[in-house]
Structures are given as C-alpha cells and as structure tokens.
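The values are calculated or read from the model by the stated rules, or taken from the named source; none is laboratory data. From a predicted model like this one, the values you see are computed outputs, not experimental measurements. Note that we place each Cβ from the backbone using ideal geometry, even for glycine, and neighbour counts take in every protein chain shown. Areas reflect the complete protein model, heavy atoms only, side chains present, ligands, DNA and RNA absent. Shrake-Rupley method; radii C 1.70, N 1.55, O 1.52, S 1.80 Å.
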Amino acid sequence: MTHPSNSGVAIDLGSDTSTRPTAAMLAAMVAAPVGDEQLGEDPTTSALNERVADLLGKEAAVFLPSGTMCNQIALVLHTRPGDEVICAASAHVYGSEGAGVAVLGGALIQPIACARGIFDADQLSAAVRRPKMRAPRSRLVVMEQTSNRGGGAIWPLATIERVAARAREHGLAVHMDGARLLNACVAAGVSAADFARPFDTAWVDFSKGLGCPVGAVLAGPRAFIEEAWVWKHRLGGALRQSGVLAAACLHALDHHVERLAIDHENARVFAERAAAIPGIRIDPPEVETNIVFLDVSGTGMDAGVISARLREAGVRIMVEGPTRMRAVTHLDVSRAAVERAADMLARSVTAAAA
Ligand SMILES: *Cc1c(COP(=O)(O)O)cnc(C)c1O
C-alpha cells in the first residue's frame, strides 16, 4: 500500500519524482524522534546528515528541502560574482534552476556541448579561460551523476577522475550534482564514496528514485557545510521538526537503494519494446539506468499528440520537444506497468497513423 494519488495517471513514467511514500516509509516518518532542526536539536535529521556524510566520504552534510537548493548553495559558495561555472550544456544547473547561479551568485555558466551530458578532460581544458583582467574567472566544474538529459548516462569513475584532476590543474573546484548518484552506484557497482571522492562537494536527492516525498543532502568539508547553513537560513530552507522528512530518507537508504536495479531493468524492458515500434528510436540508444529518451520523429506525429493519447489511456510520458519524449522508471511502476505503457505507446502511434 502506498499513499493515495489523485493525479489520475495509472502508470506515471513522467518522472521518478512522482513516487508516493510507501506504508513502511510513512510508519518510519510517524515514529521519528524530532526536535528543532534550526537549533541542531532534531535527532533524526542529524542522524541523516551523518549517514550521508559517511556515505559520500565527506566531513559533514546538511539536509535541504531540494536538490536545486543543494546545487544553488554549493555554486554560490564555490564562486564569486563574475566567476564562471563549467558544466555540460544539458546540465540541470544550467537549464533548469531559474538561472540561480546568475541571480544568487552573479556568476556565469559556460556550457560544454557533449554527447550524453558527459565531457572529458580536454573538453574541460578547452572551456577554461586563460587568466586575463577582462575575462571571467573560471572557477568551478560541475558533473551530473547520472546525466538526466543525457538519458541517465553514468559518468565512468575513470572519466570523473581525469576531469577532476584536470580541474585541479586549472585551479577549479569540483562539484557533483548527484541527483541520481545512487542509481549510478547500483548500475556501475561503484560505491558512493568512490564516485564522490574526486569532488569537493556532492549531494544526493531523496525525492527521485529513492522514493521520498521531500529532501536532499549536500556534503563537503566541515567549514563549507557551516557556510551552507548560512545560505540555508537565507533562502528559507532552515526547518523545524524536519525529522519526519529525514526519517523517510533514512528509510530509503535502508530499503530503496538496492532495488534501483529493478528500475534499471524495467527501463531496459520499456526501451526494447518502444524501440520495436515503427518510427520510434531510443536516443541515446544505450539505457544505463532509469531514464529513456524517445525520438518519435519517424512516426510523423507530434510528441504532444502522442502524450495526449497516452494520458487518455492513463499513461504519462513527458514531452521534451516536438519529437522527443522522456520516460523514467521508479518505485511505483512495475514490470507489468512498463510493458503495458509500451503497448499503449504502440497503440497511440498506430492509432494515429491509421
Ligand atoms: C531533479 C534534479 C535536480 C533538482 O532536484 P530537486 O530536488 O527537484 O530540486 C538537480 N539535478 C538533476 C540532475 C536533477 O535531475
């Protein structure tokens, strides 16, 4: 049993944020000891912070309401106004955070055009500016694990290590957007601490594949996390009895990590079936984790039309462009559900072609 939904969508492949807390998670939330987080007196939130700091091999960590706030606080702290942040052109920090780095930090982004949201050390070097009085100062590189718009692609550990080492040579700090880091860990068989080691700061999201209603945790050096607390207050992200939320996150770390492999398998099954539909192509073709991008241009149909037909059948798949769609698997979609969604997709396409 999960918390009831009123979205009217029976099979929701729109995003892994659509998960609802399970009965066991809700029970953990109800039972959580709580206190005032702003006073450092919420024992459950403190336990979560320590757990994530350990998981990522960092000195300290801070619970925040969202992954976006983790990124924004980290980017503001790593930069000064006029600095430049280097990331993939497809990165969430660039296209999906309301230009926060410009608004909050007065910094610029230099996007790198790259396949699957992953770049190498030479692409980083090409993006770094030579020090000049009139040039922005290159200051930070961001890697997104997994790459969301890159189709859930995993940054290989060796690539991360090369890019991070090159970043150090250029005097840059290194930050991981780890919204789906644990998906990468489960799929690649690499520990979170190993993936996080080359980074100054890293965070994980609990409201994605881990199935929690709210929450993300940013980790890094102790002094950095103390500074992050100032921004947490400033942005209105300091909480009170946040233990009810942190308890869900602790529950997820105990029960929802290994099972991400099921989501990856379901994504592969969905992709295989979708690829067999005339006019549909999986792009990028290799499905490494829980995200599948569909190129529907060969159907001659608009993605919006396909999506609307699917909605009538109770299936949600996101429209990402005129001929591009995104399906994401998670805790609330079973193997049977993704098979049914693929059948509905086939029907939506052929129904229109007829
Ligand atoms: C979802 C997401 C975020 C933001 O996380 P929220 O918790 O939704 O604010 C950041 N980066 C990536 C790659 C994401 O997919």
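Only one of the listed residues (Val85, Val128) is within 16 Å of the ligand (Cβ to nearest atom), in contact with a strand residue (DSSP E or B) (Cβ under 6 Å, 6 or more places away or on another chain) and in contact (Cβ under 8 Å) with a residue 24 or more places away in the chain. That residue is Val85.
Within the set Gly215, Gly237, Gly243, the sole residue that is more than 16 Å from the ligand (Cβ to nearest atom) and touching a helix residue (DSSP H, G or I) at 6+ places or on another chain (Cβ under 6 Å) turns out to be Gly243. Restricting the first member to the range 223-243 and to residues that are over 14 Å from Leu75 (Cα atoms), and the second to residues that are small (Gly, Ala, Ser) and open to solvent by 30 Å² or more (accessible area, probe 1.4 Å), the beta-carbon pairs closer than 9 Å and six or more apart or on different chains are Gly237/Ser66; Gly243/Ser46; Gly243/Ala47. Restricting the search to helices (runs of 4 or more DSSP H) fully inside the range 178-241 and requiring at least 2 residues that are closer than 21 Å to Ser147 by Cβ and out of contact with any Phe, Trp or Tyr (no Cβ under 7 Å at 6 or more places or on another chain) gives 181-188, 192-196. Considering (1) in contact with a Pro (Cβ under 7 Å, 6 or more places away or on another chain); (2) without any contact (Cβ under 8 Å) to a residue 24 or more places away in the chain, the lone condition that Ala248 does not fulfil carries the number (2). Checked against (1) within 19 Å of the chain's Cα centre (by Cα); (2) more than 14 Å from the ligand (Cβ to nearest atom); (3) open to solvent by 10 Å² or more (accessible area, probe 1.4 Å), Val62 passes all but condition (3). Annotation note: of Ala74, Ala47, Ala89, the sole residue that is out of contact with any Leu (no Cβ under 8 Å at 6 or more places or on another chain) and either at pLDDT 95 or above or surrounded by fewer than 16 Cβ atoms within 10 Å (Cβ to Cβ) (or both) is Ala89. Only one of Asp177, Asp194 is closer than 21 Å to Pro221 by Cα and within 16 Å of the ligand (Cβ to nearest atom); which? So the residue among Asp177, Asp194 that is closer than 21 Å to Pro221 by Cα and within 16 Å of the ligand (Cβ to nearest atom) is Asp177.
Given the structure, is Ser191 among the polar types (S, T, N, Q) and either open to solvent by 30 Å² or more (accessible area, probe 1.4 Å) or without any contact (Cβ under 8 Å) to a residue 40 or more places away in the chain (or both)? Considered against the rule, which asks whether it is among the polar types (S, T, N, Q) and either open to solvent by 30 Å² or more (accessible area, probe 1.4 Å) or without any contact (Cβ under 8 Å) to a residue 40 or more places away in the chain (or both), Ser191 comes out as yes. Identify, please: which residue in the range 315-354 is closer than 25 Å to Cys212 by Cβ and small (Gly, Ala, Ser) and is, among those, surrounded by the most Cβ atoms within 10 Å (Cβ to Cβ)? Across the range 315-354, the extreme among qualifying residues is Ala327.
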